[in-house]
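Presented below is the structure to which this report refers.
Values in this text are rule-based calculations from the coordinates and carry no lab data. Treat the numbers as computed from the prediction; the structure is a model and nothing was measured. Don't worry about glycine lacking a Cβ; one is built from the backbone with ideal geometry, like all the others, and counts go over all protein chains shown.
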């Protein structure tokens, strides 16, 4: 069973609170089953949690706050990168060297997900491709958080004009999740 780190869940809840207030967190949680609510109220950043809890939280956030718009999750991904890369995972940032940062994608992936893997391949001086393989579970909103997360992470490395576009998605029937990454 695919699992995610508590840091992922905490960053989503923190994003909701920061942008919509504590009452919004309560509204989101209220739409979830009682056992999931209990779990989310006591999340530890270093513990592993079932991916389905994260997927349920994602769906609830989109329903309650995102007006049903899944692109809301790009913003959530950006907030997650900002929270984690400014603190506990700051050592992954490589100022001014996007390729060096992106080359750490396999190890960064393993911080957040228990199964599967992510690879990075540079394809030009200012572009590359990230590919996620073998994740046991996946969702379109989670893929959108990846788009936002990497875009913000590249900005935090000092890169300008970062663009991340998902060109293949397992949640849409593809064999892998593939992201084209470009910057100025």
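Within 10 Å of each residue's Cβ, count the other Cβ atoms and sort 80, 20 from fewest upward. It would help to have the intermediate numbers written out before the result.
On the way: 80 25, 20 15.
Fewest-to-most Cβ neighbours within 10 Å comes out as 20, 80.
Please compute the contact order of the chain in relative form: average sequence separation of alpha-carbon pairs under 8 Å and at least six residues apart, divided by the residue count, as a percent. Spell out each step's value before the answer.
On the way: 316 pairs, mean separation 41.8, N = 184.
Relative contact order here is 23 percent.
So how do 149, 183 line up by other beta-carbon neighbours within 10 Å, fewest first?
Details: 149 26, 183 20.
The order, fewest Cβ neighbours first, is 183, 149.
Could you compute how fast the range 84-184 diffuses translationally, taking Rh as the Kirkwood radius over C-alpha pairs and applying Stokes-Einstein at 4 °C with viscosity 1.567 mPa s? Give it in µm² per second. Walk me through the numbers on the way to the answer.
Values: Rh = 13.6 Å.
Translational D for this selection: 95 µm²/s.
Which of 160, 94 has the fewest other C-beta atoms within 10 Å, and how do the rest follow up to the most? It would help to have the intermediate numbers written out before the result.
Values: 160 8, 94 17.
Final ranking by Cβ density, sparse to dense: 160, 94.
Distance from the Cα centre of the range 137-184 to that of the range 1-39, in angstrom?
22 Å
Roughly what percent of Cα-Cα pairs across the chain reach past 22 Å?
Details: 7098 of 16836 pairs.
Counting pairs separated by more than 22 Å, the tail of P(r) holds 42 percent.
Note down, for the range 3-70, the three equivalent ellipsoid semi-axes (square root of 5 times each alpha carbon gyration tensor eigenvalue), biggest first, whole angstrom. Provide the component values of the computation, followed by the final result.
Values: eigenvalues 63, 30, 27 Å².
After scaling each eigenvalue by five and taking roots: 18, 12, 12 Å.
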